[in-house]
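First comes the structure, then the notes that go with it.
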Amino acid sequence: MGHKSNPIGMRLQINRTWDSRWYAEGHEYGRLLMEDLKIRKYIMETVPQAAISKVVIERPAKLCRVSVYAARPGVIIGKKGADIEKLRKKLGEMTDSDVSLNIVEIRKPEVDARLVAQSVADQLERRIAFRRAMKRAVQSALRLGAEGIKITCGGRLGGAEIARTEWYREGRVPLHTLRANVDYAEVSAHTAYGVCGVKCWIFKGEIMAHDPTAQDRLMVEAQTSGVRPAQR
């Protein structure tokens, strides 16, 4: 059997950082971890139509700062900010800390691995042909600046009796190169025939420590993706 590494876990502290950023000891660690999981689950389930890529949680001192990265922030904010206040109040009930809620807009959802995989999964649930959904996602990503993309679908594709795996790849997706900025996500599609899995890798270029233009580009992208420059 092949041993596959998660591209995000493999690049932590190289050109990625964690989605939960805080420190705790003893029993506090378990309590805060469960809070993080509940907060993420609640946000994802409450506003699925907002196209949420990820939820970053930071805990400086007694504050819980929650940053929601979404392609459609207006859905979360609501009319005159009414919905965001409800959400903030609900999150405040889940934790003892003071909650600060930030909504960050994702400018290019077509090159965000989580949103691309979710889009393909939604299309599979609506019984759209999986090949068409995958090809369309690949073309959109390349058109909007991705250097390479790979999408894999596995399960009872098209309602077939026997589960199988199909994949498409365009451009470069260097999985072994640690300085490569590879975004990765996996999503489940709950179809009438069973659960199908969708995996997506998007290669956005290499991050060189000595290349100032790459660093500047990464700093701009960090505002929407949470990636930070490589540490040397």
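One residue stands out among those in region 3-30 that are loosely packed, with under 13 Cβ neighbours inside 10 Å and not in a loop (DSSP other than H, G, I, E, B): the one that is farthest from the chain's Cα centre (by Cα), which is HIS27. Residue check: is LYS199 surrounded by 16 or more Cβ atoms within 10 Å (Cβ to Cβ), under 24 Å from SER53 (Cα atoms), modelled with pLDDT of 95 or more and under 19 Å from the mean Cα position of the chain (by Cα)? Against the criterion (surrounded by 16 or more Cβ atoms within 10 Å (Cβ to Cβ), under 24 Å from SER53 (Cα atoms), modelled with pLDDT of 95 or more and under 19 Å from the mean Cα position of the chain (by Cα)), LYS199 qualifies. Before we move on, is GLU186 charged (D, E, K, R) and under 13 Å from VAL116 (Cβ atoms)? For GLU186, the condition - charged (D, E, K, R) and under 13 Å from VAL116 (Cβ atoms) - is met.
For region 159-201, name all the residues that are of a type in the set (Phe, Trp, Tyr) and more than 17 Å from VAL138 (Cβ to Cβ). Residue satisfying the conditions is TYR193 alone.
Put simply, of VAL99, VAL56 the only residue that is surrounded by 17 or more Cβ atoms within 10 Å (Cβ to Cβ) and either among the polar types (S, T, N, Q) or more than 13 Å from the chain's Cα centre (by Cα) (or both) is VAL99. Could you pull out the residue among GLY154, GLY145 that is among the small types (Gly, Ala, Ser), surrounded by fewer than 19 Cβ atoms within 10 Å (Cβ to Cβ) and either in a helix (DSSP H, G or I) or on the phi > 0 side of the Ramachandran plot (or both)? Just a single option satisfies the conditions, and that option is GLY145.
Considering the conditions (1) at pLDDT 90 or above; (2) open to solvent by 30 Å² or more (accessible area, probe 1.4 Å); (3) more than 15 Å from the chain's Cα centre (by Cα); (4) not basic (Lys, Arg), ASP36 is excluded by exactly one of them, (2).
Just one of the numbered conditions (1) open to solvent by less than 40 Å² (accessible area, probe 1.4 Å); (2) more than 30 Å from LEU157 (Cα to Cα) is not true of ALA71: (2). Within region 76-90, the set of residues being open to solvent by less than 40 Å² (accessible area, probe 1.4 Å), out of contact with any helix residue (DSSP H, G or I) (no Cβ under 6 Å at 6 or more places or on another chain) and touching a residue at least 24 places away in the same chain (Cβ under 8 Å) comprises just one member, LEU87.
The values are calculated or read from the model by the stated rules, or taken from the named source; none is laboratory data. What you see is a predicted model, and the numbers here were worked out from it, not measured in a lab. For neighbour counting, all protein chains shown are included, and Cβ atoms are generated from backbone atoms with ideal geometry for every residue, glycine included. Heavy atoms of the whole protein, side chains included, go into the accessibility calculation; ligands, DNA and RNA do not. Shrake-Rupley method; radii C 1.70, N 1.55, O 1.52, S 1.80 Å.
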